[in-house]
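Report on the structure given below.
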Amino acid sequence: MKIRTLLIGLISAATSPTIAYAQTASAPEIDACRASGLIALKERSPSIKDVSLDLDSVRVVKTNSKIENVEIKAIVVGEAYIAKQKSGKPQNFICVLGDKGKVLLTLFSDQ
């Protein structure tokens, strides 16, 4: 139920008129999401070597929204490549950041 609430909140946050779009290769949000995603993936599969984000596809959506009582400050979306022992296909990447740049959620999904 909480995931459903989170996804509904993400959709409304992503369509909110207070959103400002930014795309920069050196955005701290991108670095935080990549690092957090790599840590989470390595916990599940030690064979994962690295996560690289396709900076041409990455978007940082800045917002001042809330899901229940949790503040959402930015959403990072784009394509990610997960480096395993063999080369992988790109995956969709979604990362939600809260107050003070804290990563709240990182998702990878097949395209």
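Every number here is computed from the coordinates shown, using simple stated rules; none is lab data. Every value quoted in this text rests on a predicted model; they were computed, and no experiment measured them. FYI the Cβ positions are ideal-geometry reconstructions off the backbone, even for glycines, and counts take in every protein chain you see.
Based on the mean of other beta carbon atoms within 10 Å per residue, what is the order of 66-77, 42-53, most packed first? Write down the numbers at each step before the final one.
Values: 66-77: 17.1, 42-53: 13.0.
Per-residue Cβ counts within 10 Å, averaged per peptide and sorted highest first, yield 66-77, 42-53.
Within a 10 angstrom radius of the beta carbon, how do ASP56, ASP31 rank from fewest other beta carbons to most? Kindly include the intermediate steps, with their values, before the conclusion.
Numbers: ASP56 9, ASP31 14.
Ordered from fewest to most neighbouring Cβ atoms within 10 Å, ASP56, ASP31 come out as ASP56, ASP31.
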**Message:** Tell me the net charge near LYS73. Cut-off is 10 Å between Cβ atoms, LYS73 excluded, with +1 for each Lys or Arg and -1 for each Asp or Glu.
**Reply:** 0
**Asked** For LEU97, LEU104, what's the fewest-to-most ordering of other Cβ within 10 Å of each Cβ?
**Response** LEU104, LEU97
